[in-house]
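One structure coming up, written as structure tokens, with questions to follow.
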Amino acid sequence: MKKKLSPAKKRIIENYERQRTEFIERGYQEKSEVISIVRANVMVLVAALPLIIIGRFIWEIFNRGDWWIGGWNVPLLWLLVIFSMAIHEVLHGAGWCMGAKEKWKSMYIGVMWELLTPYCHCKEPLQPGKYLLGCLFPGVILGAGIYIASIITGNAMLLWLSMINILGAGGDIWIAWRVRKYRTGYVLDHPTECGFLIFQKQD
């Protein structure tokens, strides 16, 4: 049985299909850079684990102390993780707003309840570079930013929070890697899967 969609989600999908049709009718060539949520979860590990290993190595080089969780306030850590998951999606929207004409009106933040996963969708086509910025924004702020703070302070809880956020940005890193090769055209964010469509004029 097909999953029942909310009116807001129906409008998002209809908007996506309308814009896709308009690009094709205007002579743009479509290329899909979309993967399933399951495959995206695999790519999370492929993209993020090397960064986590490097971050852990740098922690040791700078001799920032014990990195394990003994004696921590673990409930506080997970509360921060849950909070950062929401902020992650807001940061996607903030990054894409820099390239969107309608700013926050073009952003939709929702939750995939079957996976208990929040997400942000940009309803407006963006230039590749501006789409790339929105993809990387959460990882830079919550991953790299908190990691730098952990190195400066020697706070192992911040280290773990940064590593979890880097892991959470693994799918974004994969998408950024795919979009990096495009210099022209328009990127249309997929409303239900991980990835995007790119539309470019045919030669």
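Throughout, read-outs are computed from the coordinates displayed, never taken from laboratory work. Computed from a predicted structure; not experimentally measured. No Cβ is skipped: glycine too gets one built from the backbone with ideal geometry, and neighbour counts run over all protein chains shown.
Looking at the chain, identify the longest residue range that excludes and avoids all trypsin sites (Lys or Arg not before Pro) in DSSP loops having at most 13 other Cβ atoms within 10 Å.
Working: sites that count: K2, K3, K4, R26, K101, R180, K181, R183.
With trypsin sites (Lys or Arg not before Pro) excluded where exposed in loops, the chain gives 102-179 as its longest stretch.
For N155 and E193, what is the calculated FRET efficiency with R₀ set at 25 Å and r taken between the beta-carbons, to the nearest 0.05? Please list the in-between numbers first.
Details: r = 37 Å, r/R0 = 1.48.
E between N155 and E193, to the nearest 0.05, is 0.10.
Next question. Evaluate Rg over Rh across the chain, taking Cα atoms for both radii and Kirkwood's formula for Rh.
On the way: Rg = 18.6 Å, Rh = 18.2 Å.
Here the Rg-to-Rh quotient is 1.02.
I'm a student and want to see the number: the projected area of the Cα convex hull of segment 128-203, averaged over all directions, in nm².
On the way: hull surface 22.5 nm².
It is 5.6 nm².
Grab the eigenvalues of the alpha-carbon gyration tensor for segment 38-115, scale each by 5, take roots, and send me the semi-axes largest first in whole angstrom. Show your work: numbers first, answer last.
On the way: eigenvalues 190, 59, 48 Å².
Its equivalent ellipsoid spans semi-axes of 31, 17, 15 Å.
Quick check for the chain: number of Lys pairs with alpha-carbon distance under 20 Å, counting only pairs 8 or more apart or on different chains?
So the count works out to 19.
Can I ask one more? At 7 Å along Cα-to-Cβ for each site, give me the label-to-label distance between Q202 and N41 in nm.
3.9
For the peptides 44-50, 57-63, what is the packing order when you average, over each peptide's residues, the other Cβ atoms within 10 Å and list the highest mean first?
Highest to lowest by the protection proxy: 44-50, 57-63.
Pick out which of G95, G65, G55 has the largest mean-square fluctuation in a Gaussian network model of the chain, springs linking Cα atoms closer than 10 Å.
G65
Using 15 Å as the cut-off for backbone N distance, which residues of segment 40-56 belong to the label zone defined by a point 7 Å from the Cα of W177 along Cα→Cβ?
From segment 40-56, the list is 40-54.
How large is the charge dipole for the chain, taken about the Cα centre, if only the Cβ atoms of Lys, Arg (+1) and Asp, Glu (-1) carry charge, to the nearest 20 debye? Walk me through the intermediate numbers first.
Working: 23 positive and 16 negative charges, 101 e Å.
So the magnitude is around 480 debye.
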